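Working notes, structure below.
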Amino acid sequence: MGFKKYFIFSVILIVATFGFAYGLELGEYELSLFGYSLLLPVSVWLILPISLLAVASMAHILWYGVINYFRKRAIEKDYETIIKMIKSDLLEKNEEYKFKTTEFKNLSSIISQLKIDTKENRFLSVDDELNRVVANVQDVKIGKHVTEKTFKVNENSKLADLNILNKVNEQIDFAVDVLKQGIDEILKKLNLDYVELVRVKNTKKMHRILDQEKRNENVKNSFFNKKKIDFSNKTILLFDDIITTGATLKALKKEIEKENINIKIVVFCLAAAREIRKEKGEV
């Protein structure tokens, strides 16, 4: 029975009892206590304990109703927090969460000691954001690069590294940039004094040009030795990221040989196409 119905039936009972007793014309009754006296109709004295009991029971119902309301709110909040904790674990984040109820505190303690992973089959829940996170994690693990803004993975996690690797596999421009960064890191680690040849004209991406002659034309006169360092009678080590046909390296070699004599050029690259041919004196 709801509180509203309980209140209405209580009032009806009190009024009916009062009306019945009043109709009996029972007269009046005087109550004396500690020198004080109170004279009321018997019908009123009859409904007083019923009224007090009704008020006390309604206060009891209201009190525990308020307690249950706040407990329900705490459970709902803890449920939302446990979902956040699961999403955080899936994204390999090391975040701490606080819970209000004992049950969820115990549950979070258990979950924090386990490794949550996704299965290959489709995941469904009532939480749309959790569904998206699981789907994103599944995509990363099968080799897809995820770019959604909601996919806020820990940048230092294995999952983030895997997502970057997927991007390298999917986007060749990004792969080239990564390799270029690798060359810079190698030179810094080796503490070598090196010269970076300046690109003096914009060229198209070499991997997008299939014809060899067009590749050579694309990089022709594209580089310039800005520092004008004399490389004569020296061995030159050329660093490049990827060699496909060698057109870029040939252009670099030609630029270096313009004003230098008796030089030896050695090439180091991070990756090379299978079909690259090595000929005497050139790549």
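Quick one: would you say residue 89 is in the same structural domain as residue 157 (by TED's automatic domain parsing) and surrounded by 14 or more Cβ atoms within 10 Å (Cβ to Cβ)?
no
Does residue 82 satisfy the condition of being surrounded by 15 or more Cβ atoms within 10 Å (Cβ to Cβ) and under 25 Å from residue 142 (Cβ atoms)?
In short, no.
Somewhere in the stretch 29-41, is a residue surrounded by 11 or more Cβ atoms within 10 Å (Cβ to Cβ) and part of a helix (DSSP H, G or I)?
no
Restricting to the stretch 117-151, what's the tally of residues that are outside any helix (DSSP H, G or I), surrounded by 14 or more Cβ atoms within 10 Å (Cβ to Cβ) and of a type in the set (A, V, I, L, M)?
1
The values are calculated or read from the model by the stated rules, or taken from the named source; none is laboratory data. Everything numeric in this text was worked out from a predicted model, so none of it was measured. Here Cβ is always computed from backbone atoms with ideal geometry, including for glycine, and neighbour counts include all displayed protein chains.
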